[in-house]
Amino acid sequence: MVKRKVAKVLAFRYKILAGILIILAGGLVLLPKYEKHEGIKPEQLLSNVISPERYISTDILADKLINQDPSYLLIDVRDKESYHTYTLPNAINIPLAKLLDEDSERYLNQDEYDVVLFSNDNFYADQAWILCNRLDYQNLHVLKGGINQWFNTVINPPKPLENMPTEQFELYSFRKAASMYFGVAYPEQFKAVKKPKKKIVKKIITVKKKKKAPAEGGC
Amino acid sequence: MKELEKTKRISIASTLFILVVLIAVLAFERPKHMYKVNSVNTLEKLTSNDYFISLNDVNIENDILIDVRNQFEYEKGHLKNALNIYAPEILSDTNSTIFEELKERDKTIVLYGANPDEVNAPFMLLYQLGYTRVKILAVENSYVQNKLITNAVDIEKSVANVNAFIDESIKKATQSLKKKVVVRKKPRKKIITVKKKKKAPAEGGC
Amino acid sequence: MGPLIPNGIIPSDWDSIIAILIGIAFGFVLEASGFSSSRKLAGVFYGYDFAVLKVFFTAALVATIGIYYMDYLGYLDVGQLYVHPTFLWGAIIGGIIMGIGFVAGGFCPGTSLCAVAIGKIDAIIYVVGIMIGVFIFSELFFLFEPLYEGAFFGNITLMDSLGVNPYWFIFIFTIIAIVSFVISDIIRKRNKKIFY
């Protein structure tokens, strides 16, 4: 008896299946639409943004540059003009407006280099970092204080006062040496003047595109 | 009878399929916060640079000042009519309702903190979450003898021309060098012999 | 979250293993639904059996609807899925050749291998034919190259080229599919039943 009833229902099985498909497809049309969630969750972004982990200090960066650490890639997010006036050695210029261009993505979304973003202060660099962090790009850092801080610490280090601890003096001598490395000359320094200013050769940095293994399909 | 057995498979498959769909729909939890502005549009906003506001332009009727510093700092001193929402807590439920309400009332949210850097992150987050009427108050707050001092600041102003400084330093160095030369009559010149790079003439062989 | 492999949830080293597993399942389903019989396959063209049409159309429907639901719910990102690049003339001419082969031989490349597995002689000959075709094609590739690589349109989908909302497109596609099922049923009933 039950079987017969089941059989009766099942006589319509194809119609039922067709109905289900139409309902599901219609559901897609009727579902409320919203802007696609792009990138990591806002909560995650907030906690990333609040933490100061992304900052790298000018002293550390100077040390890395002097030791020619090959794993660091500098990106200048200011406009072209400021980039041509002064920039850090071997920096690449990606103006903030072009941050999300396809060419820029090669430099930002990769896992070979530690990328350091910088601008005059760290305001624009921070903005660039936040945008990239939302898109879940890894290995990005921001130069704390930007070029201004760079100038105040590495290029033109303030002389420590007599009553400061020794660490300050050590830091000063490091910074002074660093500033010499980056082209500043001091009166008491003899050689640097004689030497013709070394033209910093722009290193050509090639970044491999992050492999997004394209799946091959086929019948 | 055989017909029935065949259909059993189909119906089992279809029930499983529907079950999977149902589970997926039920397991779906709509996230509390959704981005409403994508990154490209956000970037456009950032480059337009019209999101700064100076203290004089703040209109009490339309603008709501929000202090993103912590409560301690806020109570020590804050701008007039400012609300306090600590930056790490801007996504909490109560604060979300505040922002939602401000949005409905068409108010402009003006954020400030100890300096514009501090406001940057909350500003960008709020903008991307769809509160498009957000602005940054371009001020710096500091305390002098426990009194809040608010100064307007220029954002991202370059303090010095580094290249010019370097050139200047070289010039100075050379000048002082010349002076030294004048003082010391017979300077023992350090002779730096720069070896000419031998351009090895290609020796032909064989 | 998804797709699993490009997002690194499953390492891409597992590609081949997963491919083999899916391939086995695919082959099993093909054989179980009788697709290793060339008569069943050719039935579409003669109008006495529309199983092929129904199966592949339904599979496409279930997949698209499922994918778009998963996309909507955030389990999968449609934008990250692989879309086969379109070479317009290559696709048209290749399609014609494949169609002719399909009617004449009664297999498509996948089902022919399936039929080889259960030991059908016609399928074995068919596969040998495929191999000869592959050989000729690769030897004369310099002749076919402009056709093979010409008229490149990129990785486009119908939604891109027609500019329609994917959800409406799926809905219309579903209705077209179901209408075609009904029509194919009517045609089948009109035709004389053929036992094979």
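Taken together, the values in this text are just the output of simple stated rules run on the coordinates, not laboratory data. The structure displayed is predicted, hence computed values, not measured ones. As a convention, Cβ positions derive from the backbone with ideal geometry for all residues, glycine included, and neighbour counts pool all protein chains shown.
A few remarks follow.
- Helices in the protein assembly as shown, meaning DSSP H runs of at least 4 residues, each add -39500 (n - 2.57). Divided by all residues, the mean residue ellipticity at 222 nm is -16000 deg cm²/dmol.
- Overall, the anisotropy analysis places the protein assembly as shown in the oblate class: the square-rooted eigenvalues a ≥ b ≥ c of its C-alpha gyration tensor yield a/c not less than 1.5, with a/b not exceeding b/c.
- Panel order for C:Glu31, A:Glu53, by other beta carbons found within 10 Å of each beta carbon, from fewest to most: A:Glu53, C:Glu31.
- Of the residues B:Leu83, B:Leu137, B:Leu65, the one with the fewest other Cβ atoms within 10 Å heads the list, and the complete ranking is B:Leu83, B:Leu65, B:Leu137.
- Modelled label reach - B:Leu83, point 7 Å along Cα→Cβ, segment B:105-136 residues with backbone N closer than 12 Å: B:105-111
- Charge-dipole axis of the protein assembly as shown as Lys and Arg at +1 and Asp and Glu at -1 on Cβ define it, positive-most pick from A:Ile40, A:Gly26, C:Ile18: C:Ile18
- For segment B:1-107, fraction of C-alpha pairs farther apart than 16 Å, in %: 77 percent
- Ignoring aspartates and glutamates fewer than eight residues from A:Lys33 along the same chain, the ones with Cα atoms less than 15 angstrom from its Cα are C:Asp71.
- Set A:Lys159/B:Lys172; A:Lys144/B:Lys32; A:Lys159/B:Lys147; A:Lys80/B:Lys171; A:Lys144/B:Lys147 screened for pairs whose C-alpha atoms are more than 25 Å apart: A:Lys144/B:Lys32; A:Lys159/B:Lys147; A:Lys80/B:Lys171; A:Lys144/B:Lys147
- Dipole magnitude of the protein assembly as shown about its Cα centre (Cβ charges: Lys, Arg +1; Asp, Glu -1), debye to nearest 20: 2160 debye
- Separation of alpha-carbon centers, segment C:141-181 and segment C:88-129, rounded to whole Å: 22 Å
- Restricting attention to the protein assembly as shown, close to 25% of DSSP beta bridges with both partner residues there are antiparallel.
- The ranking of C:Val83, A:Val2, B:Val21 by Cβ neighbour count inside 10 Å, starting from the fewest, reads A:Val2, C:Val83, B:Val21.
- Here the alpha carbons of chain C define both size measures, Rg and Dmax, at 19.3, 54 Å.
- Per residue of peptide B:162-174, the mean number of Cβ atoms on other chains within 10 Å of the residue Cβ is 6.
- Pairwise Cα separations in segment A:42-194 fall into 10 Å bins from 0 onward with the following percentages, short to long: 10, 37, 32, 15, 5, 0.
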